[in-house]
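Following: one structure in structure tokens, then a few remarks.
All of the numbers you see were taken from the coordinates with simple rules; none came from a lab. This one's a predicted model, so the numbers in the text were calculated from it and none came from an experiment. Note that we place each Cβ from the backbone using ideal geometry, even for glycine, and neighbour counts take in every protein chain shown.
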């Protein structure tokens, strides 16, 4: 599958963009982009699964909640996450999961720490046949 996430320049932090044919896919690709900033997410083995449920007042807020819930669970469980699935978005409620393994700084080639997803340059929209989900992450 071709890479369907990207980055954009920001003065102090990093902007991430998830692109998908569906809104859930755009959220998943943005999560992959965010975790790939921290380490090589493609090398992470899907040995453990964590469940994510979040809700918000808008699609944009839900996107930030999703990313921050993933970061929180990765930190709590000391996991490197590499596979992401949004199982359902109903209204502004999301049910999903992520898979990964115990974080090994050397094997996972740790690059930088992402502290949080922010509301800066936040956008969730449909452009033509694609959904775009983007924000700046605090590194």
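For the chain, the longest principal axis of the alpha carbon atoms and the long axis of helix 59-77 meet at an angle near 10°. So what's the angle, to the nearest 10 degrees on a 0 to 90 scale, between helix 23-38 and the longest Cα principal axis of the chain? Its long axis makes an angle of about 40 degrees.
Can you give the FRET efficiency to the nearest 0.05 for residue 90 and residue 125, using r as the Cβ-Cβ distance and R₀ = 22 Å? Once the sixth-power term is evaluated, E becomes 0.70.
Note the full-extension length gain between residue 12 and residue 110 as 0.36 nm times their separation in residues minus their Cα-Cα distance, in nm to one decimal.
Working: separation 98, 0.36 × 98 = 35.28 nm, distance 1.95 nm.
Net length gain for the segment: 33.3 nm.
Peptide packing: for 107-119, 13-25, the average count of neighbouring Cβ atoms within 10 Å per residue gives the ranking 13-25, 107-119, highest mean first.
Once the Cα-Cα distance is subtracted from the 0.36 nm per residue extended length, the residue 45 to residue 139 segment shows a gain of 31.4 nm.
Ranking request for peptides 121-129, 82-90, 33-41: highest mean number of other beta-carbon atoms within 10 Å first, then the rest in descending order. Provide the component values of the computation, followed by the final result.
Values: 121-129: 12.3, 82-90: 16.9, 33-41: 20.8.
Going by the mean number of other Cβ atoms within 10 Å, highest first, we get 33-41, 82-90, 121-129.
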